Amino acid sequence: MMTFDPVLALDTRWVLAVLLLAIDIWSIGLIIRAKAARRETLLWIGVVLLVPVFGCIFWYALGPKPATRG
């Protein structure tokens, strides 16, 4: 019989994985709202999905900025 282990319930790897997933979803949302060309948008989404941490950083530094509300 398996018992509940509180250490495994809040394992650091799971917390980091959920945090990374949230950052990826947020980044993809910003990429879509940037109103760049379709090809560029798909390329940036691919970079973020394939290289999650560095993809988000590269997009933030080099990618198109989100359209401002006017």
Item to check | Selected residue (criterion: modelled with the lowest pLDDT) from residues of region 1-24 that are part of a helix (DSSP H, G or I) and surrounded by 11 or more Cβ atoms within 10 Å (Cβ to Cβ) | outcome: W14
Next on the checklist: Looking at region 35-62 only, could you name the residues that are part of a loop (DSSP other than H, G, I, E, B) and either surrounded by fewer than 17 Cβ atoms within 10 Å (Cβ to Cβ) or modelled with pLDDT of 90 or more (or both)?
Outcome noted: K35, A37, V51
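The values are calculated or read from the model by the stated rules, or taken from the named source; none is laboratory data. These figures come from a predicted structure and were not determined experimentally. Note: ideal-geometry Cβ built from the backbone for every residue, glycine included; neighbour counts use all protein chains shown.
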